[in-house]
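*Asks:* Encoded as structure tokens, here's the structure I'll be asking about.
No lab work stands behind these numbers, since they all come straight from the coordinates. In this text the structure is predicted, and so the values were computed from the model without any measurement. Counting neighbours? That spans all protein chains shown, and the Cβs are built from the backbone with ideal geometry, glycine included.
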Amino acid sequence: MSTTYGTFPGSRPRRLRTTPAMRRMVAEHRLHPSDLILPAFVREGAAEPVPISAMPGVVQHTRDTLRKAAVEALEAGVAGIMLFGVPEEAKKDGLGTAGTDPDGILQVAIRDVKAEVGDELVIMSDLCLDEYTDHGHCGVLDADGRVDNDATLERYAEMAQVQADAGVHVVGPSGMMDGQVGVVRDALDQTGHEDVSILAYTAKYASAFYGPFREAVGSSLQGDRKTYQQDPANLRESMRELELDLAEGADMVMVKPALPYLDVLAKVAESVDVPVAAYQISGEYAMVEAAAANGWIDRDRAIMETLTGIKRAGANMILTYWATEVARQL
Ligand code: PBG
């Protein structure tokens, strides 16, 4: 293959970029509304939605506005909704009891959304204790104040059951305890919920980009999660987590955060035959919104570019706080 004819380039990739129609025709990846999942927060006892200052445009919903948000997402063509409960401060304790109360806020929210949209939207729930513990960790603590893996698994088993009883389609164990997928699968199967799927948080890194999420769920975490979430330096470790989650019964796997971990996402996506999700988290959202608010970047283009990059890296599903807005534009 010659690359030049005399002084002319023999190959001109620019020909396929000449018009919007040409670029559209040759695009290798396209976002579709059904790629998108909307994460949503619901606050117990709220009479009005409460804005989250670090996530402009995102709120802690009331039960009522959550139902409306679910309907709007559905009408825009979004595939699913991932629910997070924000309990009353007084209900937090060391064990995260509100997380396993059948009338806890997340279970109430699951029932509300199910009553509103039925099976039209895939209803998912965060299966983790940090929203419900007074210390803010994703598990229960031992006598030395360390997160106790196996005691936490017992709590997750109970959580899986109450969330499934409430009618959720998919649970998302996100606490990064060893063995969590297997324990949750067993708990679901033993309680007649064999059709409830597990979206495993397979590669979940100890990230600075979760910052705004702490405000979103009113978490009072002291310290960090580095003894259970992964070190950003590691890629091979994610392959090990992936093997374990698949062996334990994960139906779908997720990489989180998205943008700083596109290499992990690409490697996971080429290694598995189950659907792969990526979570564009709170700090990724905040970063774009903040730069755009300062006039430093073009907000809409930046949003589409990040989502297209995540899709190109191999995600079948993307959790993003922009899900409804983007789905409407597509
Ligand atoms: C755990 C959980 C977190 C997020 C989703 N599930 C917080 C954490 O692990 O520290 C973060 C989501 C986001 O930042 O948007 N319950």
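*Asks:* By per-residue mean of other Cβ atoms within 10 Å, what is the highest-first order of 180-186, 275-281?
*Replies:* Top to bottom by mean Cβ count within 10 Å: 275-281, 180-186.
*Asks:* Using C-alpha positions alone, give me the convex hull volume of the stretch 1-99 per residue in cubic angstrom.
*Replies:* Looking at the stretch 1-99, the number lands at 221 Å³ per residue.
*Asks:* In a shell of Cβ-Cβ distance under 11 Å around K68, excluding K68 itself, what net charge do Lys and Arg (+1) and Asp and Glu (-1) give?
*Replies:* Taking every other residue near K68 into account, the sum is -3.
*Asks:* Rg and Dmax of the stretch 29-329, using alpha carbons, in Å: what are they?
*Replies:* In order Rg, Dmax, the Cα atoms of the stretch 29-329 give 17.7, 54 Å.
*Asks:* What does the net charge come to around V113 if you take all other residues with beta carbon closer than 13 Å to its beta carbon, with K and R at +1 and D and E at -1?
*Replies:* Cβ neighbours under 13 Å give a net charge of -1.
*Asks:* Still on this structure, I have one more. For a Förster distance of 35 Å, can you work out the FRET efficiency between the beta-carbons of R30 and A143, rounded to the nearest 0.05?
*Replies:* Step by step, r from the Cβ atoms, then E = 0.05.
*Asks:* Also, I was wondering about something else. Rank the residues S34, S238 as a footprinting-exposure proxy: fewest other Cβ atoms within 10 Å of their Cβ go first.
*Replies:* Exposure proxy ranking, most exposed first: S34, S238.
*Asks:* Ok, one more. Per the Debye formula with a single identical scatterer at each Cα and no solvent contribution, what log10 I(q)/I(0) holds for the stretch 85-207 at q = 0.09, 0.16 Å⁻¹?
*Replies:* -0.23, -0.72
*Asks:* Follow-up. Given charges of +1 on the Cβ of Lys and Arg and -1 on the Cβ of Asp and Glu, with all other atoms neutral, how large is the dipole of the chain about its Cα centre, in debye to the nearest 20?
*Replies:* Once rounded to the nearest 20, the dipole reads 2200 debye.
*Asks:* What is the packing order of peptides 25-33, 62-70, 319-327, taking the mean over residues of other C-beta atoms within 10 Å and listing the highest first?
*Replies:* Sorting 25-33, 62-70, 319-327 by mean packing, highest first, produces 319-327, 62-70, 25-33.
*Asks:* Related question: Along the charge dipole of the chain, which of L83, T191, A69 sits closest to the positive end, that is, farthest toward it, with unit charges on the beta carbon of Lys, Arg, Asp and Glu (+1, +1, -1, -1)?
*Replies:* A69
*Asks:* Which of the residue pairs K256/K311; K68/K114; K204/K226; K68/K204; K114/K204 have a Cα-Cα distance greater than 19 Å in the structure shown?
*Replies:* Exceeds cut-off: K68/K204; K114/K204.
*Asks:* Further question on the same structure: Taking the Cβ-Cβ separation of Q190 and S220 as r and a Förster radius of 41 Å, what is the calculated FRET efficiency to the nearest 0.05?
*Replies:* 0.75
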